[in-house]
Amino acid sequence: MLRSFATRNLLRSFARQSRNYSVKLTSESYDVKRGNYASLTESDVQYFNSILSANNILQDKEDLLFYNEDWMRKYRGSSQLVLKPKTTEQVSQILKHCNERNLAVVPQGGNTGLVGGSIPVFDEIVLSVANLNKVRSFDEVSGILVTDAGVILENADKFVEGHGYIFPLDLGAKGSCHVGGVVATNAGGLRLLRYGSLHGTVLGLEVVLADGTIVNNLSTLRKDNTGYDLKQLFIGSEGTLGVVTGVSILCPPRPTAVNVAFLGLESFEQVQRAFVKAKKELGEVLSAFECMDNTSQSIVEEHTDLSRPLSEQYPFYVLIETSGSNKEHDDAKLETFLENAMTEEIVVDGVVAQDSTEIANLWQWRELIPEALGKGGGVYKYDVSIPLPQLYDLVVDVNKRLIEAGVVGDTPEYPVIATAGYGHIGDGNLHLNVPVRFYDKKVEKLLEPFVYEWISKVSGSISAEHGLGFAKRNYIGYSKDEQLISLMKGVKNMLDPKKILNPYKYI
Ligand code: FAD
Ligand code: MLT
Ligand code: ZN
């Protein structure tokens, strides 16, 4: 029998972890040489002062810290200048100047990216779009939102919620990441299963090219077959082709009936059976199917005040969400699905949230995994797409490899704490994470290129959602052939011939 969900403790404060060691400079810990770019001069700063107000130009060491270091505390740059334009015109003036002067630039959104893409490698200028933060328009009938790129994802969602709509993407970093940032990374998130990829929901973009040209492709049409669909090039281009300044996106109506169930399962095979069953029996109301292994849940438990939703521990957990418009109908569907899944011994145990607080609490067990895994000191992260039957084998094989190499242990001298797997199983996307006490070249060499070779052998993708950034700049060849890479380089050369935008990254 399914138990109802008990009230749980409040979560411990989970702010960005304070640093207990300093992050090494990327340029020192990786084999990378500064490109032939100009260095910033006083007259460049004077020029920027002529177009931006003083408080939108940061040069103070302390002020620069946030912009030079990534969320995982793995990469650090040494930029001397952060520019925070307030208008698209200012972005254009900045880029025009940088292009003429051959100054390298890193576009930055909320700085929550997980592949070191938003951080300078050397002294690149950081162009933060955080001040481009206004909603431009919303159409109540079509649900089409047009917004500045720097609007925080959660704020965009709150805005459309006021009109009965939902932003078609949700992820754990929503309180910090930007609409433009998620577009630039083509983020997937927790409900891609339901609302699809940004390649489908984004209707138009306003982008500033490396030479300052403003490309106005901010269409609000669902259908438009006139010419190449160039906006697609910028979705997932990670700041290497242009700076996204405006986004037009189709928002679906906000579901009025939401259910969440949290289930315990004995094996990854049962997880797959549960997924097939959920697709068939929950059909149109299924909005998320997330899976977490017990290691990832134990680490969340260790770093929060939450108590486990289920009294027993299981090798795997699945969080299923349904979103619809008729509560009775959805409740009945979910109940039948759960009863059948338990009778067929696919699911061993589970709870169903009874109200919105319990829904939020159950989601914490999924959404807090990334933050909890980083608490030990650092984390090696892989976000891969693999055919579903082989998906979890990667975690098993990596765990075995690390144990055999003698790098895993409970005491401080061992770098590796554990090997964890979780992710958007409904999208065939696994997050393999190796939380560590400190970043260690020996561990990195055990993981790379082993993980990428493993993925390539099963024709998977080395990045399902986080992108290439700095972390995977040398590994695209495991997922794309030479011809495709050469075409990509051609696009880059055409749009940014001096390669001032986000150098040392991507390809
Ligand atoms: P940043 O980190 O600032 O930048 C990311 C990249 O985009 C960089 O290469 C940068 O140069 C470029 N960029 C940013 N803004 C612009 C712009 N306006 N124009 C051009 N280029 C730009 N990702 C998922 O796909 N699914 C998840 O479920 C998910 N969950 C996450 C949970 C947590 C807790 C965290 C920390 C991250 C998660 N991510 C997830 C990673 C995800 O890539 C980012 O959260 C988000 O997409 C990046 O947005 P941002 O505004 O922070 O961009
Ligand atoms: C997630 O799904 O939680 C994110 O992609 C972040 C992560 O992989 O840790
Ligand atoms: Zn993810």
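None of LYS400, LYS333 is within 27 Å of TYR452 (Cβ to Cβ), among the basic types (Lys, Arg) and at pLDDT 95 or above except LYS400. Contact map, the stretch 417-440: residues that are within 11 Å of LEU388 (Cβ to Cβ) paired with residues that are part of a strand (DSSP E or B) and aromatic (Phe, Trp, Tyr), Cβ distance under 9 Å, separation 6+ or inter-chain. Pairs shown: ILE425/PHE289; GLY426/PHE289; ASP427/PHE289; LEU430/TYR382; LEU430/TYR422. Among the residues here, GLY423 qualifies as within 15 Å of ligand 2 (Cβ to nearest atom), at positive phi and in the same structural domain as SER459 (by the TED database). In the stretch 426-462, what residues are within 16 Å of ligand 2 (Cβ to nearest atom), open to solvent by 10 Å² or more (accessible area, probe 1.4 Å) and in a helix (DSSP H, G or I)? Those that are within 16 Å of ligand 2 (Cβ to nearest atom), open to solvent by 10 Å² or more (accessible area, probe 1.4 Å) and in a helix (DSSP H, G or I): GLY426, ASP427. A count restricted to the stretch 47-88 and to residues that are without any contact (Cβ under 8 Å) to a residue 40 or more places away in the chain and of a type outside the set (A, V, I, L, M, F, W, C) stands at 9.
Evaluating PHE66 against the criteria (1) in contact with a strand residue (DSSP E or B) (Cβ under 7 Å, 6 or more places away or on another chain); (2) over 30 Å from GLU161 (Cα atoms); (3) aromatic (Phe, Trp, Tyr) leaves one unmet condition, (1).
Go through GLY204, GLY109, GLY113, GLY175 for me and flag whichever is touching a helix residue (DSSP H, G or I) at 6+ places or on another chain (Cβ under 7 Å), surrounded by 18 or more Cβ atoms within 10 Å (Cβ to Cβ) and free of Cβ contacts under 8 Å to residues at least 60 places away in the same chain.
Values: GLY109 fails: free of Cβ contacts under 8 Å to residues at least 60 places away in the same chain; GLY113 fails: free of Cβ contacts under 8 Å to residues at least 60 places away in the same chain; GLY175 fails: surrounded by 18 or more Cβ atoms within 10 Å (Cβ to Cβ).
From the options GLY204, GLY109, GLY113, GLY175, the qualifying one is GLY204.
Selection of the stretch 107-142 for residues being outside any loop (DSSP other than H, G, I, E, B) and hydroxyl-bearing (Ser, Thr, Tyr) yields SER128, SER137.
Identify, from the list GLU238, GLU206, the residue that is in contact with a Ser or Thr (Cβ under 7 Å, 6 or more places away or on another chain), closer than 22 Å to LEU487 by Cβ and at pLDDT 95 or above. Working first, answer last.
Numbers: GLU206 fails: closer than 22 Å to LEU487 by Cβ.
None of the others qualify; the one that does is GLU238.
So how many residues does the stretch 218-251 have that are within 23 Å of ASN155 (Cβ to Cβ), within 16 Å of ligand 1 (Cβ to nearest atom) and not in a loop (DSSP other than H, G, I, E, B)? Of the residues in the stretch 218-251, 9 are within 23 Å of ASN155 (Cβ to Cβ), within 16 Å of ligand 1 (Cβ to nearest atom) and not in a loop (DSSP other than H, G, I, E, B).
The values are calculated or read from the model by the stated rules, or taken from the named source; none is laboratory data. Just so it is clear, the structure is predicted and the values come from calculations on it, not from any experiment. Cβ atoms come from the backbone with ideal geometry, glycine included; neighbour counts cover every protein chain shown. Note: areas computed on protein heavy atoms with side chains; ligands, DNA, RNA excluded. Shrake-Rupley method; radii C 1.70, N 1.55, O 1.52, S 1.80 Å.
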